[in-house]
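The values are calculated or read from the model by the stated rules, or taken from the named source; none is laboratory data. Everything quoted here is computed from the prediction, not taken from an experiment. No Cβ is skipped: glycine too gets one built from the backbone with ideal geometry, and neighbour counts run over all protein chains shown. Heads up: the accessible areas ignore ligands, DNA and RNA and are worked out on the full protein's heavy atoms, side chains in. Shrake-Rupley method; radii C 1.70, N 1.55, O 1.52, S 1.80 Å.
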Amino acid sequence: MKRRFLICLFLLVIAGLHNKDMIINEPIVFNTGFTQKSVNSLWKKIRARDKFLLKDKVITIYLNSNGGHAQPSVVLFERIDKLQNAGRKFHMVIYGYCYSACGTLFAMGNRRYMTKNAVYMQHKAYSVRNTTTDRAISHWIDVHRLRHDAYLLKEGLYELIDMFKYSDFISPADYMLSQGMIHGIVPQPDIDEI
């Protein structure tokens, strides 16, 4: 009886390790808006992969997001920046649309890709009302913009800084590729299999 139990326990451990390896090696899919909850969930997935993957392995994140709150995206930006400074590489892939706050995450990719029909949209930061909270958020977004611009400068993406600063813009994949803003156009993934 004890032997049978130990064999079952061994098989469960092996199966668990196999499943963990499958999960850790899979790309991450982020297909929701930027809220504190969704960004925390995404960060847990990133940390799990960072913890178990070798440093020379890339973390790939598939994006399909309508944007959302700026604050969680900045926190995520800072966390990913720390991992990149420690040597971790990220590939970002837009497979649908990437609007507003999603652009911050997309810009963080060491390599950036889009599918043929994907769309990227960015806009200047602005606030509707002039309340104390809005002024604080507006100031916070300005600080974020400086960090974002510094990162783009570091990566040599000067044209993106001007676009973010002065206008709203929507860009399909072929335009982003022609402007050197992405590294390539990739096939549409079957997200259900990821």
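If only residues of segment 154-177 that are open to solvent by 80 Å² or more (accessible area, probe 1.4 Å) and farther than 17 Å from residue 97 by Cβ are counted, the one that is modelled with the highest pLDDT is 154.
Scanning segment 41-75 for residues that are closer than 11 Å to residue 30 by Cβ and free of Cβ contacts under 8 Å to residues at least 12 places away in the same chain yields a single hit, 41. Listed by position, the helices (runs of 4 or more DSSP H) contained in segment 35-130 that have at least 2 residues being small (Gly, Ala, Ser) and under 26 Å from residue 184 (Cα atoms) are 102-107. One residue alone among 65, 41 is modelled with pLDDT of 90 or more, among the polar types (S, T, N, Q) and open to solvent by 30 Å² or more (accessible area, probe 1.4 Å), and that residue is 41.
Could you look through segment 68-85, keep only residues that are among the aliphatic types (A, V, I, L, M) and under 13 Å from residue 106 (Cβ atoms), and pick out the one that is modelled with the lowest pLDDT?
Taking segment 68-85 first, the residues among the aliphatic types (A, V, I, L, M) are 70, 74-76, 80, 83.
This time we only want the ones that are under 13 Å from residue 106 (Cβ atoms), so: 76, 80.
Numbers: 76: 88, 80: 91.
Ranking the qualifying residues of segment 68-85, first place goes to 76.
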